[in-house]
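Below you'll find the structure, written out as structure tokens, and then a few comments.
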Amino acid sequence: GAGRARVITFIVRRVVPVLGLAAIVGVLVRLQEVPAVGADAWLHLRLGQEFLDGWSITHPGHLGVYDTATWYPTQWASQIAMAWTDDRFGIGGVMWLAGTVILLVPVVLYLVCRRYAAPLPAVLAVTVAVCAAAPGFSARPQVVSYVLIAVVMGAWLETARDGRVRWWLVPLAWVWVPLHGMWIVGITIGVATVVGMALTREHDRGVLLRLASIPVLSALVALATP
């Protein structure tokens with residue numbers, strides 16, 4: 001009767017989503033065991049160690065004797081963090097660090113999706129997103145960008161709904177720049193949102209100009225990093 005229907009509804013709406021999210025996290029944990037650190041991680045560890053040993057972040061020099069182009073570090077902060085962790089905790093510490101960031105991806109995505117959907121469709125959306133991003137899940141700085149893209153996307157979705165200017169996106173962009181080169185994606189999300197809001201003609205010019213200042217300032221703060 002009605003009681004049985006309520007139980008089934010509770011299971012579908014509450015229990016299944018929790019189990020689904022737990023399954024996603026469990027699979028990601030399992031993927032961190034085999035294989036371990038990939039080839040790219042060793043490159044980042046080596047570069048991070050060079051920075052710790054005295055390489056200049058602004059002018060590190062050339063990577064090899066045959067290269068002719070000037071090289072600029074684009075993810076030195078992540079590389080330094082990885083190398084520092086390796087020095088103190090070994091490669092196992094690096095795996096823990098990378099694994100923690102990777103697990104943040106479905107968690108942050110779920111929190112963003114829950115603002116707009118019930119638990120079950122939110123988990124389904126997270127599953128699709130995690131499957132798409134899974135090939136890049138390893139001990140590399142790009143996993144930090146996956147988390148920050150979800151954060152920025154959630155912030156701009158809220159901005160599109162309430163028209164508020166979220167100035168904290170500017171210092172977030174400043175922090176993102178030395179972590180990984182995908183910081184430009186965050187600026188692109190902001191530009192696309194402002195353009196979309198302008199096309200709806202639901203906001204006055206003053207609001208749109210203030211919102212447009214966020215991606216502009218986010219691009220300018222990139223110049224204020226080493």
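The values are calculated or read from the model by the stated rules, or taken from the named source; none is laboratory data. Note that the structure is predicted; figures quoted are calculated from it, not measured. Note: ideal-geometry Cβ built from the backbone for every residue, glycine included; neighbour counts use all protein chains shown. SASA here: full protein model, heavy atoms, side chains in, ligands and nucleic acids out. Shrake-Rupley method; radii C 1.70, N 1.55, O 1.52, S 1.80 Å.
Considering each of T74, T68 in turn, give the residue that is of a type in the set (V, I, T), at pLDDT 85 or above, open to solvent by 50 Å² or more (accessible area, probe 1.4 Å) and not in a helix (DSSP H, G or I).
Values: T68 fails: at pLDDT 85 or above.
Just a single option satisfies the conditions, and that option is T74.
Can you tell me which residue among V128, V185, V170, V123 is more than 12 Å from the chain's Cα centre (by Cα), open to solvent by 40 Å² or more (accessible area, probe 1.4 Å) and of a type in the set (V, I, T)? Don't jump to the end; show me each part of the working.
Working: V185 fails: more than 12 Å from the chain's Cα centre (by Cα); V170 fails: open to solvent by 40 Å² or more (accessible area, probe 1.4 Å); V123 fails: open to solvent by 40 Å² or more (accessible area, probe 1.4 Å).
Result of the check over V128, V185, V170, V123: V128.
Just checking, which of V152, V144 is modelled with pLDDT of 95 or more, touching a His at 6+ places or on another chain (Cβ under 6 Å) and not basic (K, R)? Explain how you work it out, then say what you get.
On the way: V152 fails: touching a His at 6+ places or on another chain (Cβ under 6 Å).
The match here is V144.
Being in contact with a helix residue (DSSP H, G or I) (Cβ under 8 Å, 6 or more places away or on another chain) and exposed (fewer than 14 other Cβ atoms within 10 Å of the Cβ) is the requirement here; does P141 meet it?
Numbers: in contact with a helix residue (DSSP H, G or I) (Cβ under 8 Å, 6 or more places away or on another chain): yes; exposed (fewer than 14 other Cβ atoms within 10 Å of the Cβ): no.
Against the criterion (in contact with a helix residue (DSSP H, G or I) (Cβ under 8 Å, 6 or more places away or on another chain) and exposed (fewer than 14 other Cβ atoms within 10 Å of the Cβ)), P141 does not qualify.
Determine which member of the set R14, R6 is at pLDDT below 80, surrounded by 10 or more Cβ atoms within 10 Å (Cβ to Cβ), over 25 Å from L104 (Cβ atoms) and among the charged types (D, E, K, R). Before you say what the answer is, go through the steps one by one.
On the way: R14 fails: over 25 Å from L104 (Cβ atoms).
Among R14, R6, only R6 is at pLDDT below 80, surrounded by 10 or more Cβ atoms within 10 Å (Cβ to Cβ), over 25 Å from L104 (Cβ atoms) and among the charged types (D, E, K, R).
Being under 30 Å from R210 (Cα atoms), modelled with pLDDT of 90 or more and not acidic (D, E) is true for just one of R88, R166. Which residue is that?
On the way: R88 fails: under 30 Å from R210 (Cα atoms).
Only one candidate passes the filter, namely R166.
Taking the residues in region 20-48 that are at pLDDT 80 or above and open to solvent by 50 Å² or more (accessible area, probe 1.4 Å) as candidates, determine which candidate is farthest from P106 (Cα to Cα).
Ranking the candidates gives R46 first.
Which members of region 85-120 meet the condition of being of a type outside the set (F, W, Y), closer than 17 Å to L157 by Cα and either surrounded by 19 or more Cβ atoms within 10 Å (Cβ to Cβ) or in contact (Cβ under 8 Å) with a residue 40 or more places away in the chain (or both)? If you could, list the steps in order and put the result at the bottom.
Here is the first cut: in region 85-120, the ones of a type outside the set (F, W, Y) are 85-88, 90-95, 97-109, 111-115, 117-120.
Among the residues that remain, those that are also closer than 17 Å to L157 by Cα are: 108-109, 111-115, 117-118.
Once the filter is applied, which keeps residues that are of a type outside the set (F, W, Y), closer than 17 Å to L157 by Cα and either surrounded by 19 or more Cβ atoms within 10 Å (Cβ to Cβ) or in contact (Cβ under 8 Å) with a residue 40 or more places away in the chain (or both), region 85-120 yields V108, L109, L111, V112, C113, R115, A118.
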